[in-house]
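Only the coordinates and a few stated rules stand behind these numbers; no lab work does. As the structure is a computational prediction, the values presented were derived from the model and not from experiment. FYI the Cβ positions are ideal-geometry reconstructions off the backbone, even for glycines, and counts take in every protein chain you see.
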Amino acid sequence: MIGRRWYVPWLFLTPALIVTAAMTWGPLANTGVLAFTDAQALGGGEFTGLANFSRLAHDDQFFRALGNTALYLAVVVPALVLLPLLLAQLVHTKLPGIGAFRAVFYSPVIASMVVVGLIWSWLLSSDGLVNAVLLKLRVVAEPLPFLTDSTLLLLSCMLVTVWKGLGYYMVIYLAALANVPGELHEAARVDGAGAVRRFRSVTVPTVRPTMLLVGTLAAISATKVFAEIYVMSSGTAGPGGQAKSIVYYIREVGLGVDGEIGYASAMSLVLFVGTLGLSVLALVLRRRGERSEA
Amino acid sequence: MSTATTPAPARAQQTPPARRTRRPGDAARYAGHTLRYLLLVLMTVLLVGPFLWQLLTSLKSTGEPIYGPDTTWLPADPTLGNFGKVAEVIPVWRYIGNSAIVAVASVVTNCIFGAMAGYALARMRFRGRGAVFAAVLASLVVPFEVIMVNVFLTVRSLGLVDTLLGVLLPGAISGLSILVMRTAFLALPKETEEAAAMDGAGEWARFWRVALPSVRGSLAVVGVFSFLFAWDDFLWPLIVLKNPDNFTLTVGLQYLSGTFTNDQRVVAAGTMIAVVPLLAVFFALQRLFFRGIGEGGVKG
């Protein structure tokens, strides 16, 4: 190409480099350093070695948050691997009007989690529609405390996460289903395989890489759950704050008026190790998926 | 209803002309289509119903029960009064304005600066390019939640707590925007810009007048997703904004539901104000969305 002054590329990159350095790499490095200090929001910052981590190992609230987050993963990830695939299967057709259905199913993805959380808070409140229907059908005698019992609150939040995520993962699956050869289905049909059998023996094996990818993506985002719990509990994390997630607890510890930056940073590092493992897994799976498509 | 929704043209499309003429097969196909439409309608109810119930609640007047045995589906006396009441409890127009400022600014910074960086990475050869690319790529695996405490410290030291600029900054130029733009420029034939270079166009002119207009599709994708992300974001604005006058719409809505007003009609009206314009734009631009998801790949 034509000769160019050495600094021209850097001029193009300057804004992006400044923002990425100041808003990602700097804070990440800071997190790594402060995790080994007793830094507070209002000063301090003596090196304390592994003190924060040994404190973590004895912090009941942290383990509670860890357990809640693990439970979240255990429920949400399988649901978000399977249900969107079924939904994608449902809209993977050329019937008239199908485009409109796809768009409609995607609409919860567009809305903010705050909006979705408030909508479901109303539906699930003791006066809400869900309890009204359950009472009317005599499934329950008393309204269920969906939002005021910590376990039920967590389950309600999981429902919201899955409900909002269905459309997002459906679209990822649709792209994968487009690659499933139609002849395979036709052949199986001719051989007399029913719909369930065809789904298990033809569809699932061909979209398995995508299922793994969706699983890791859903896991990464479930590890970071926050807004659902905050909104559905009006910022209380349930009775006695028993329904906190890891991110919820980090925010509480690190960003209050007397924020314990060092301790929160140590927790952040633990969270990072978890998400990093999942991210690496996602990258590997994605690359493998691309290779098998090519 | 189920038979009525099974349209005749479907069969004409699905049945290959000469090969399949057996009647029983057609009947099975009809049954299959009917079942599929039934399931589609069921899923529509499950996924749209909650929005609809919220909308209906927001339209019910104060005198009308919104729970208990006397509640009806449709508002007996539909009113827009609750939408007015939202503005009495929270400065909702101000919040909409704040959200719009942050979202539009995020579109501009992600599109322009993201494209500039993507262009440099795709089109220019220079020492350090690999390192920069690796740094951008690696930034994708750093979740904001992990660094939020320290991002807050940085923003505080810049004196930007409680400002909209502070809300904007962390998402102003995302690594994903840079990567999408880089991919777009890589796919562009080099000849266009080389012709412009022959005509004596400088580096900037080639980028701004030749390359950028050729990747309008990817720009639109980056723009739409930047807007959505900024408009919907909750955690970061919740952290960085302190004074209720400066809230964005998501933080303001959460604040509304926590204020003294325990009237679900007003909260419902507030959520509708936040989501209806967004859904309207989405349905208008849905093609772009679905293309964008394919192009932008998936975000972790």
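Can you compute the charge dipole magnitude of segment A:44-293 about its Cα centre, using +1 on each Lys and Arg Cβ and -1 on each Asp and Glu Cβ, nothing else charged? Give it in debye, rounded to the nearest 20.
The dipole magnitude comes to about 940 debye.
Which ordering of A:72, A:263 is given by a fewest-first count of other beta-carbon atoms within 10 Å?
Final ranking by Cβ density, sparse to dense: A:72, A:263.
For A:136, B:60, what ranking results if the residue with the fewest other Cβ atoms within 10 Å of its Cβ goes first?
With the fewest neighbours first, A:136, B:60 line up as A:136, B:60.
Which of the aspartates and glutamates could be linked to residue A:244 by a straight reach, that is with a Cα gap under 15 Å, when you skip same-chain ones fewer than 8 residues away?
Filter leaves A:59, A:60, A:149, A:228, A:252, B:145.
Have a look at B:27, B:134, B:100 and tell me which one the Gaussian network model of chain B (Cα, springs below 10 Å) gives the largest fluctuation.
Answer for the Gaussian network model of chain B: B:27.
Between residue B:76 and residue B:195, 0.36 nm times their residue separation minus their Cα-Cα distance comes to what?
Full extension of this stretch gives 36.1 nm more.
At what distance in angstrom do the alpha carbon centres of segment B:93-139 and segment A:255-274 lie from each other?
Measuring centre to centre over Cα atoms gives 28 Å.
In chain A, with Lys and Arg counted as +1 and Asp and Glu as -1 at Cβ, which of these residues, A:155, A:103, A:277, has the Cα nearest the positive end of the dipole, that is, farthest along it?
A:103
For the protein assembly as shown, build the charge dipole from Cβ charges (+1 Lys, Arg; -1 Asp, Glu) around the Cα centre, then report which of B:266, B:121, B:239 sits farthest towards its positive end.
Going by the charge dipole, the pick is B:121.
Taking 7 Å along the Cα-to-C-beta vector as the label spot, tell me the residue A:57-residue A:187 distance in nanometres, rounded to one decimal.
5.7 nm
Output wanted: per-residue J couplings in Hz (rounded whole) for segment B:248-254, from phi through Karplus 6.51 cos²θ - 1.76 cosθ + 1.60, θ = phi - 60°, x for Gly and Pro.
8, 5, 5, 5, x, 5, 4
Quick one: which residues, 5 or more positions from residue A:37 or on another chain, have an amide H under 5 Å from its amide H? H modelled 1.01 Å from N in the peptide plane, none for Pro or chain starts.
Correct list: A:48.
Using the Karplus curve 6.51 cos²θ - 1.76 cosθ + 1.60 with θ = phi - 60°, work out ³J(HN,Hα) for each residue of segment A:168-184 in order, rounded to whole Hz, and write x for Gly and Pro.
4, 6, 4, 5, 4, 5, 4, 4, 6, 5, 4, 8, 6, x, x, 4, 4
Apply 1/(1 + (r/R0)^6) to the Cβ-Cβ distance of residue A:206 and residue B:216, taking R0 = 35 Å, and write down the FRET efficiency to the nearest 0.05.
For residue A:206 and residue B:216, the calculated efficiency is 0.50.
Relative to a virtual label point 7 Å from the Cα of residue A:82 in the Cα→beta-carbon direction, which members of segment A:147-169 show backbone nitrogen distances below 19 Å?
A:155-169
Exposure proxy check: A:172, B:147 ranked by fewest other beta carbons within 10 Å?
By the 10 Å Cβ count, ascending: A:172, B:147.
Could you run the Karplus curve 6.51 cos²θ - 1.76 cosθ + 1.60 with θ = phi - 60° over segment A:111-124 and give me ³J(HN,Hα) per residue in whole Hz, x for Gly and Pro?
5, 5, 4, 5, 4, 4, x, 5, 4, 6, 4, 5, 5, 9
Quote the charge dipole size of segment B:90-296 about the Cα centre in Debye, to the nearest 20; the model charges only the Cβ of Lys and Arg (+1) and of Asp and Glu (-1).
360 debye
Once the piece of chain linking residue B:243 and residue B:134 is laid out straight, how much longer is it, given 0.36 nm per residue of separation minus the C-alpha distance between them?
Between residue B:243 and residue B:134, full extension yields 35.4 nm more.
What dipole magnitude, in Debye to the nearest 20, does the protein assembly as shown give about its Cα centre under +1 on Lys/Arg Cβ and -1 on Asp/Glu Cβ?
Roughly 2500 debye for the protein assembly as shown.
Taking +1 at the Cβ of each Lys and Arg and -1 at the Cβ of each Asp and Glu, which of B:80, B:27, A:267 sits farthest along the dipole of the protein assembly as shown towards its positive end, judged by Cα position relative to the Cα centre?
Of the listed residues, the answer is B:27.
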